[in-house]
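The values are calculated or read from the model by the stated rules, or taken from the named source; none is laboratory data. A quick note: this is a predicted structure, and the numbers were derived from the prediction, not measured. When we count neighbours, we look across all protein chains shown, and the Cβ atoms used for this are built from the backbone with ideal geometry, even at glycine. These accessible areas exclude ligands, DNA and RNA; they are computed on the full protein's heavy atoms, side chains included. Shrake-Rupley method; radii C 1.70, N 1.55, O 1.52, S 1.80 Å.
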Amino acid sequence: MEEFFQQLTNGLAVGGIYALIALGYTMVYGVLKLINFAHGDLFTIGAYLGLTLLVSMGLFDKIGPLPAVILLAIMVMILVAIIGAILERVAYRPLRQSPRLSAVVSALGASIFFQNAIMAIYSPKFLVYPHNILPKTAVNIMGLDIPVMRIIMFATSLVLMAALYFFIQKTKIGTAIRAAAIDQGAAKLMGINVDRVIMLVFCIGPALGGAAGLMVGLYYGQINFSMGWMFGLKAFTAAILGGIGNIPGAMVGGLLLGVIEALGAAYISIAWKDAIAFCVLILILIVRPTGLLGERVAEKV
């Protein structure tokens, strides 16, 4: 039973990462009906920027571990959000009225560009985060020793997801985002600047992905220029699992995928964990094609 709960907490921590990345996919799809294939690479950029700022600024020695992590996360989120805004302005906005395939090709091109830029600037080798940045101790909860970093990852993911949900549901800007997702033409008639809304979406999604990249670097201790491909694929799977375009669905899908992977690796085989996750996705989509929280919507004619 202890092994089960250890794997459950591990799955929730990793699932939180998937959920944060999946939110970027689902927000962009909700507004533009477009899959941002470069989103996984923005997650990778967040990991590399975190390492660069961590080493160059020496924050942990100056202000202590916890304030340093918070400040580092804020800086990474801001920088990746800026990159996301530039990506939208350069790669997507000029093609908004073009056939859908043109935007897909542009997204793939941006992904390849980011991967090669990271490889050229840093190195194709694995880079290692400094050791002993955060405590390696465990907290005893009801007789179960859970690593502190695992708790921090899960708690941070929940805080960011809750903040995003509140922002989307309870603020005027969030209402504008939801309106643009439903009908951009009607949103423009109501005085909403759709271009700004779309750019904001391309800031929020990458910012969350950048935070996820930083947490992966701190948790696993090493990063690689191509890691965004697999994490992006898993997060895209999570978005589909929960219902693409549905923000709570992306959250639920990410957490569920993480738990499925962890339990599958522990009780079946670690070599089959990816296959198990995708098999569960296929089964769920057979039963509910719109995803767990997705809804069927009528198409405009």
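Taking amide H as placed 1.01 Å from N in the peptide plane, residue 222 has its amide H under 5 Å from the amide H of 129, each at least 5 places away in sequence or on another chain. Solvent exposure of the chain amounts to 50 Å² per residue of accessible area, where only protein heavy atoms count and the probe is 1.4 Å.
Seen against the Cα atoms of the chain and their longest principal axis, helix 148-170 is set at about 20 degrees. Please work out which option in (i) 48; (ii) 20; (iii) 41 gives percent of Cα pairs over 34 Å apart calculated from these coordinates, and answer with its label. Answer by label: (ii). The protection proxy used here, the mean number of other Cβ atoms lying within 10 Å of each residue, ranks peptides 123-130, 71-78, 42-49 as follows, highest first: 42-49, 71-78, 123-130. Helix 2-32 and the long axis of the chain differ in direction by around 20°, with both axes built from C-alpha atoms.
Compared with the dominant Cα axis of the chain, that is its longest principal axis, helix 100-121 is turned about 30°.
Each residue of segment 249-263 was assigned a 3J(HN,Hα) from its phi angle through the Karplus curve 6.51 cos²θ - 1.76 cosθ + 1.60 (θ = phi - 60°); the sequence is x, 5, 5, 5, x, x, 5, 5, 5, x, 5, 4, 4, 4, 5 Hz, with glycine and proline shown as x. Report note on the peptides 12-18, 246-252, 278-284: ranked by the mean count of other C-beta atoms within 10 Å, highest first, their order is 12-18, 246-252, 278-284. When you count the other C-beta atoms within 10 angstrom of each residue and take the mean per peptide, 204-216, 84-96 line up highest first as 204-216, 84-96. Annotation for segment 159-174 versus segment 64-93: alpha-carbon center distance of 18 Å. For the chain, the mean residue ellipticity at 222 nm estimated from helices alone is -24500 deg cm²/dmol, where every DSSP H run of n ≥ 4 contributes -39500 (n - 2.57) and the total is divided by all residues, rounded to the nearest 500. Amide hydrogen proximity for residue 34: with H placed 1.01 Å from N in the peptide plane, the residues at 5 or more positions away or on another chain lying under 5 Å are 29.
With R₀ fixed at 25 Å, the C-beta to C-beta distance from residue 290 to residue 145 puts the FRET efficiency at about 0.05. For residue 244, no residue whose modelled amide H falls within less than 5 Å of its own remains once neighbours fewer than 5 places apart on the same chain are excluded.
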